[in-house]
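First up is the structure itself, then whatever we jot down about it.
The values are calculated or read from the model by the stated rules, or taken from the named source; none is laboratory data. Keep in mind the model is a prediction, meaning the values are calculated, not measured. All Cβ positions, even for glycine, are placed from backbone atoms using ideal geometry, and neighbour counts span all protein chains on display.
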Amino acid sequence: MLNKNFLNFSVKLLLKEKGDYLFSFIIFGFIIFIVTSVLLISESIKRDLLVALQNEGQIIVKNTKGGRYYPLNDNHIDSLLQVSGVDDVIGKVDGYYNFAQDRRFFKIAVDDDLNDTSMVVSKDIYKILKDFKYEKEFNFLIPPKNKLTLQIKDVIDSTIISNNTIFVNEYIARQILQMEEDEYSYLDIVVPNSDEIENIALIIPRIFPNFLVLPNYEIEADYDHLYYYKGGIFMILYIVALISFFILLKNQISSVYGSKRKEIAILRSIGFSIKDIISLKFIQNFLVTVGAYFTALMLSYAYVFVFNAPLLRNIFLGEIEKEVVFTPIFDLKMLVLIFIFTVVPYLASILIPSWRLAIEDVSEAMK
Amino acid sequence: MFCRIILIIFLSTCMLNAKMFQSVDKKNGEFIQSGKSKYYCSNCAMYLPRYYKTNHIYKNKQYCSLHCLYDSLKGKIPDGDVKVVDVKSLKFIDAKKAYYVVGSDKMGTMTYNSKYAFKSFDDAKEFVKLYGGKIVNFLEAYETTKEDFLKDIELLETTKEKKTYKLGKRVYEKKCQKVDVTAYESIASLKADLKRVCKRVRRDRDLQAVTEYLWDVVKKNKELKSFGKIKYTKKDKCPICGMFVYKYPKWVAMLELGGKKIYFDGVKDMFKYIIKNRDKIDYDKVYVTDYFSGKKIEALFAHYVFGSNVYGPMGNEFVPFYSEKDANSFRKDHYGIAVYGFLQIIEDKDIMEDMKEL
């Protein structure tokens with residue numbers, strides 16, 4: 001009986017009660033919208049962090065003394081190169097510049113394609129510099145009395161990585177950070193065989209007990225933990241979403257047992273089979289839920305990646321980083337998971353009571 | 001590996017402070033050479049002010065260390081006047097009357113066993129009190145340099161292979177005008193000219209890397225240890241076990257037989273195949289993947305660790321290494337039983353039998 005007329009009839013019946021269905025559509029869509037937006041923001045931040053991590057070596061080491069960080073030098077590089085399994089050790093320069101006027105630290109990172117007179121800043125930093133009338137150039141004050149003036153060559157979008165960063169070449173970075181030619185902030189250790197990373201991460205502290213050794217799998221785990229969507233604030237959000245979802249389901253079930261009870265009985269009495277009634281209900285609710293699901297997905301993509309998630313972003317980034325943009329991601333696994341946990345229970349909550357009513361005696365239902 | 005770690009610990013105990021102990025500002029040092037290569041070691045072209053406290057002078061040539069002096073004299077004891085920097089005053093003094101402190105905690109130059117000289121015995125004693133070591137005269141220090149020489153060369157070669165040549169090549173191609181290396185008679189003059197043509201290179205370490213790369217690899221055609229990776233397709237299967245090799249890139253082995261390339265998913269299967277077809281195979285055309293670097297190496301010269309706790313796709317494996325040092329350190333770290341050579345495994349039937357029994 002699943003033909004064009006049947007479909008027409010289903011849709012007409014749906015439109016007849018559009019008030020009821022619109023309510024479900026809006027509530028259901030809103031729940032999906034909130035959950036998807038939160039997941040998109042957290043996944044996007046995580047992806048950015050992991051992409052940045054992929055550009056580093058397999059192990060990062062930092063020098064510490066009494067818990068404070070100290071620079072490393074070429075001798076450290078030469079010693080670490082002697083460890084079997086290490087293919088290369090790359091000295092990296094980074095650090096923070098104290099912008100005392102605004103009581104704020106800017107991160108200084110290296111981009112060797114820049115010349116000695118220019119720098120690239122993020123939108124967030126540019127906004128701050130503009131407030132202090134540094135629109136085209138900026139003066140770095142290098143104690144005791146030196147001044148280094150750099151032109152703002154470019155302003156880039158702020159991501160979670162670059163929002164507080166000024167890019168300069170290595171030579172200039174060393175001047176700003178007052179580091180000697182053979183000093184490094186941290187070392188990237190390249191270990192080609194991933195099975196050996198753990199072993200080498202254990203060997204290094206035996207050579208340099210004061211080193212902080214961070215294998216990439218540990219940093220990855222830290223990032224995962226930071227935006228762990230099964231715990232903390234995410235859990236509260238899910239519980240709220242779930243409770244609203246269940247209230248919605250309860251509403252649907254009671255409506256099936258209430259006003260819809262007679263409708264099903266009438267349909268049965270005019271010759272609809274049980275299968276037809278289930279198909280009818282399935283078509284109606286499938287249109288509502290899937291429609292709501294895709295609308296919510298589109299809205300949340302636009303909300304997060306076009307409008308940069310106003311309000312929700314503050315949960316993740318705080319008030320300060322206003323210009324951060326989220327890098328668009330597409331995670332099919334996540335979307336399928338949301339579909340399974342929302343659309344499927346919703347449909348089940350309609351179809352099971354409908355089926356139970358359909359198999360009841362028609363005269364009983366009409367009473 | 002344990003001895004190696006002890007050695008590296010020894011090398012690095014003095015490195016808590018970021019700046020190198022040997023370095024001084026060039027204004028505070030004495031540099032006797034003239035011309036463009038005034039500030040470069042005659043033997044290795046390293047920047048002399050950076051290693052000033054271990055500088056030596058012999059026959060109007062300035063060297064960054066006793067190691068370089070020994071190297072340039074090919075081990076002969078210098079017959080004339082030798083001068084060395086007094087660590088206390090930073091002035092050159094007669095090396096033959098100086099007091100050398102050997103083996104202190106302070107990092108040496110070109111050696112794992114540091115050697116610093118003092119004019120007065122009391123200064124040397126005070127240094128020993130602070131940083132340890134033993135006070136000796138010039139000849140004894142020279143003798144120690146001789147004893148350390150091979151080990152020092154090995155450490156320096158490792159650094160060159162792993163870092164210097166790669167860095168040098170990259171910097172040269174990106175930031176330097178091209179030079180004709182054959183036109184230079186000394187490494188120091190090459191470096192002096194490179195300073196002129198590599199204007200965007202500011203760090204001495206980068207310039208030194210370019211110099212060593214051009215001198216050793218381009219001029220002297222030094223052969224580098226690796227030649228890329230073994231290339232295979234998704235269709236290649238191991239003839240012994242039938243497994244696809246692309247799934248196990250860390251273990252791929254390959255041999256060429258009659259113009260055809262045969263791939264294996266591990267060294268063990270490769271040896272089984274070779275033992276079966278011993279007469280047909282040219283051992284020079286057999287390649288394995290170095291476990292640490294993932295690079296293609298010649299199987300004939302590789303070292304194989306037997307009985308370790310690292311398993312390949314077919315269980316227990318012979319784990320291949322280019323360097324014997326790496327093989328030994330891996331054996332110790334991963335509880336290996338022995339390190340074998342290629343021919344040893346093929347000729348000694350017991351080894352394959354032992355492998356079956358593991």
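In a residue-by-residue description of the stretch B:143-154, the property of being crowded, with 20+ Cβ neighbours inside 10 Å, closer than 18 Å to A:ILE77 by Cα and touching a Phe, Trp or Tyr at 6+ places or on another chain (Cβ under 9 Å) applies to at least one position. At least 3 residues being more than 7 Å from chain B (Cβ to nearest Cβ) is the threshold, and among the strands (runs of 3 or more DSSP E) wholly inside the stretch A:47-93 those reaching it are A:59-65, A:88-92. Whether any residue in the stretch A:237-252 is within 24 Å of A:SER363 (Cα to Cα) and in the same structural domain as A:MET334 (by TED's automatic domain parsing) is what I want to check. Checking the stretch A:237-252: at least one residue is within 24 Å of A:SER363 (Cα to Cα) and in the same structural domain as A:MET334 (by TED's automatic domain parsing). Among residues of the stretch B:296-326 being among the small types (Gly, Ala, Ser) and under 19 Å from A:VAL191 (Cα atoms), the one that is farthest from the other protein chains (Cβ to nearest Cβ) is B:GLY312.
Scoring B:SER329 on the criteria (1) hydroxyl-bearing (Ser, Thr, Tyr); (2) more than 14 Å from every other protein chain (Cβ to nearest Cβ); (3) touching a residue at least 40 places away in the same chain (Cβ under 8 Å); (4) more than 18 Å from B:GLY228 (Cβ to Cβ) leaves a single failure, condition (2). The set of residues from the stretch B:329-346 being aromatic (Phe, Trp, Tyr), within 20 Å of A:VAL83 (Cα to Cα) and outside any helix (DSSP H, G or I) comprises just one member, B:TYR335. I'd like to know if the stretch B:159-173 contains one or more residues that are more than 14 Å from chain A (Cβ to nearest Cβ), at pLDDT 90 or above, assigned to a helix (DSSP H, G or I) and buried (at least 18 other Cβ atoms within 10 Å of the Cβ). Yes, that holds for at least one residue. Looking at the stretch B:98-133, which of the residues that are closer than 11 Å to B:THR54 by Cα and among the aromatic types (Phe, Trp, Tyr) is surrounded by the most Cβ atoms within 10 Å (Cβ to Cβ)? Checking each candidate, the answer is B:TYR116.
The residue list B:TYR40, B:TYR47, B:TYR70 contains one member that is within 11 Å of another protein chain (Cβ to nearest Cβ) and modelled with pLDDT of 90 or more, which is B:TYR47. Take B:GLY258 and tell me if it is of a type outside the set (Val, Ile, Thr) and surrounded by fewer than 18 Cβ atoms within 10 Å (Cβ to Cβ). Spelling it out, B:GLY258 is indeed of a type outside the set (Val, Ile, Thr) and surrounded by fewer than 18 Cβ atoms within 10 Å (Cβ to Cβ).
In the stretch B:168-195, the residues that are closer than 15 Å to B:ASN221 by Cα reach residues that are not in a helix (DSSP H, G or I) with C-beta atoms within less than 6 angstrom, at least six apart or across chains, in these pairs: B:ILE187/B:ALA45. When the stretch B:39-65 is filtered for residues that are touching a strand residue (DSSP E or B) at 6+ places or on another chain (Cβ under 8 Å), of a type in the set (Phe, Trp, Tyr) and either in the same structural domain as B:GLN208 (by TED's automatic domain parsing) or under 18 Å from B:ALA98 (Cβ atoms) (or both), the ones remaining, listed by number, are B:TYR52, B:TYR58, B:TYR63.
Each row is one residue, and each column tells you yes or no for (1) at pLDDT below 85; (2) of a type in the set (Val, Ile, Thr); (3) out of contact with any Ser or Thr (no Cβ under 6 Å at 6 or more places or on another chain); (4) in a helix (DSSP H, G or I).
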position: A:ILE264; (1), (2), (3), (4): yes, yes, yes, yes
position: A:ARG268; (1), (2), (3), (4): yes, no, yes, yes
position: A:PHE272; (1), (2), (3), (4): yes, no, yes, no
position: A:PHE282; (1), (2), (3), (4): no, no, yes, yes
position: A:ASN285; (1), (2), (3), (4): no, no, yes, yes
position: A:ALA302; (1), (2), (3), (4): no, no, yes, yes
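Each residue in the stretch A:174-206 was checked for being facing chain B (nearest Cβ under 10 Å), over 19 Å from A:PRO71 (Cβ atoms) and either hydroxyl-bearing (Ser, Thr, Tyr) or in a helix (DSSP H, G or I) (or both), and 8 pass. Suppose we filter A:ILE176, A:ILE161, A:ILE125, A:ILE203 for residues that are of a type in the set (A, V, I, L, M, F, W, C), touching a strand residue (DSSP E or B) at 6+ places or on another chain (Cβ under 8 Å), touching a residue at least 60 places away in the same chain (Cβ under 8 Å) and not assigned by TED's automatic domain parsing to the domain that holds A:ILE41; which single one remains? After ruling out the rest, the residue left standing is A:ILE176.
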